[in-house]
Protein chains: 2
Amino acid sequence: MSRSRAAKARIGQDGRVASTDRVRPDVPALTIGILGGSGPQGGGLGLRFAAAGHLVLIGSRSTERGQQAAAALARPGLRIEGAGNATVAERADVVIIAVPWEGHRQTLAALREPLAGKIVIDCVNPLGFDKGGAFALAVPEGSAAQQAAAVLPDSTIVAAFHHVSAVLLADDAVTKIDTDVLVLGDDRAATDLVAALAERIPGMRGIYAGALRNAGQVEALTANLISVNRRYKSHAGLRVTDV
Amino acid sequence: MSRSRAAKARIGQDGRVASTDRVRPDVPALTIGILGGSGPQGGGLGLRFAAAGHLVLIGSRSTERGQQAAAALARPGLRIEGAGNATVAERADVVIIAVPWEGHRQTLAALREPLAGKIVIDCVNPLGFDKGGAFALAVPEGSAAQQAAAVLPDSTIVAAFHHVSAVLLADDAVTKIDTDVLVLGDDRAATDLVAALAERIPGMRGIYAGALRNAGQVEALTANLISVNRRYKSHAGLRVTDV
């Protein structure tokens, strides 16, 4: 993997720049692109990052769909723009992958160049559904995040935001989302940056939860949270205790 | 699977018997057997259930080792006895499997008869370790719990207690363990009973988290908690929010 710009940054758990490296990203100033931003998870995350003050770029398969999705998220004072996935990948500082699992590999493979050198946050959950509910799908690479790493060798992949309820994200009446965000990756600077980004959303903490090889179970755990929600009529999230 | 005694019981989330079924287990009166009780996870759970008033039977490969492990857990007023695994399987009302993953299949296969008709709680995490830390092992059946179900067709398998810190369990100074216990299984009465059992330990809640086919990621998530503990010098647990 090429050494990315991201790998040169060092940001502490509290969002403070903690090292002597020259490139110190100003987290609140980052432009956040969301591929698959027309879906509920991507759109909801876009809304929250825009509410936190970020310029958010909503990407979709076509420019028109991206613009429609951005228009649907428009709120007074928020900066949300829509475009095609390639344009969003090009313009954004950090890119969140929120496409359906079915199109994951193909979408990413087409964006290798614009995503080169960037931090790419994968929040895709490879799940199947039947009458028994949700279940984890087998992924040849081990996880969606590892597939992203295989398809995007010039980007720095971080897995995060798998368990955040799309319903809560989209609900304007919800001002605080009571959940920790498990952040996984092989690059310390990149996972620190994504943890700091998670903490831009009120109620969320970013918690480092292991290397990319341990992303599969975190993605699959979404099936369990769906079971919890079905049983308890909840929008369940997770808190890590003793941290 | 034969219809077990467990399948006839109905216990609500709050531990209250909630149905008209005839067999209503008195949860506080249950004798709890622990196979692999000489290990830290099993021994720690045994200590906590004994402290909650249960008679606890610590099983090991030999009678002598079981008795030694029970003696090590002895505290004034607690009822903890040691024996060989087969004796414990025979005598206990509910049996917790806490053996090392390496011996999991073989240990259970030898106990099919004494475990028939019983609720068997599997808390085994199939993990590997290398210099990068812990990682999930591939399990042919999908998970340790599903392997238990395959090997013990006459028992009712529930997966639970994967994420409870053995260090905290064993620490007499810790009087409350701040974690939810994810409980998985295909039999409602059995998962309700195990959730009620979890709540016998101060600080714990039992949360139903899906069918047995979704146990693999819950077991594997222990690798992530090990990463959390390493990074934050913690004894991490999980809380499910909005439940």
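The values are calculated or read from the model by the stated rules, or taken from the named source; none is laboratory data. Owing to the predicted nature of the structure, the values given are computational and were not obtained by experimental measurement. Cβ coordinates were reconstructed from backbone atoms using ideal geometry, including for glycine residues, and neighbour counts include every protein chain displayed. To get the accessible areas, we keep the full protein, side chains included, count just its heavy atoms, and leave off ligands, DNA and RNA. Shrake-Rupley method; radii C 1.70, N 1.55, O 1.52, S 1.80 Å.
What to note about this one:
- Taking first residues from segment B:63-80 that are over 21 Å from residue B:29 (Cβ atoms) and partners that are among the small types (Gly, Ala, Ser) and part of a helix (DSSP H, G or I), the Cβ contacts under 8 Å between residues at least 6 apart in sequence or on separate chains come to B:69/B:43; B:72/B:43.
- Yes/no for residue A:234 being polar (S, T, N, Q), outside any helix (DSSP H, G or I) and within 7 Å of chain B (Cβ to nearest Cβ): yes
- Test: residue in segment B:131-139 that is open to solvent by 10 Å² or more (accessible area, probe 1.4 Å), within 11 Å of chain A (Cβ to nearest Cβ) and touching a residue at least 40 places away in the same chain (Cβ under 8 Å): yes
- Residue in segment B:123-135 that is farther than 30 Å from residue A:211 by Cβ and within 13 Å of the chain's Cα centre (by Cα) present: no
- Test result for residue A:165, open to solvent by 10 Å² or more (accessible area, probe 1.4 Å), in contact (Cβ under 8 Å) with a residue 24 or more places away in the chain, out of contact with any Pro (no Cβ under 9 Å at 6 or more places or on another chain) and among the hydroxyl-bearing types (Ser, Thr, Tyr): yes
- Count of segment B:141-156 residues which are touching a residue at least 24 places away in the same chain (Cβ under 8 Å), open to solvent by 10 Å² or more (accessible area, probe 1.4 Å) and not in a loop (DSSP other than H, G, I, E, B): 3
- Residue B:37 vs. criteria farther than 20 Å from residue B:125 by Cβ, small (Gly, Ala, Ser) and not in a helix (DSSP H, G or I): no
- Taking segment B:168-208 as the range and being farther than 22 Å from residue B:31 by Cβ, charged (D, E, K, R) and open to solvent by 30 Å² or more (accessible area, probe 1.4 Å) as the test, the residues that pass are B:171, B:172, B:176, B:178, B:186, B:188, B:205.
- Of the residues making up segment A:60-83, those that are of a type in the set (Gly, Ala, Ser) and farther than 19 Å from residue A:41 by Cβ are A:62, A:77.
- Candidate set from segment A:171-216 (those that are more than 12 Å from the chain's Cα centre (by Cα) and among the polar types (S, T, N, Q)); member that is nearest to residue A:53 (Cα to Cα): A:175
- Residue within segment B:193-210 that is facing chain A (nearest Cβ under 9 Å), in a loop (DSSP other than H, G, I, E, B) and under 25 Å from residue B:47 (Cβ atoms) present: yes
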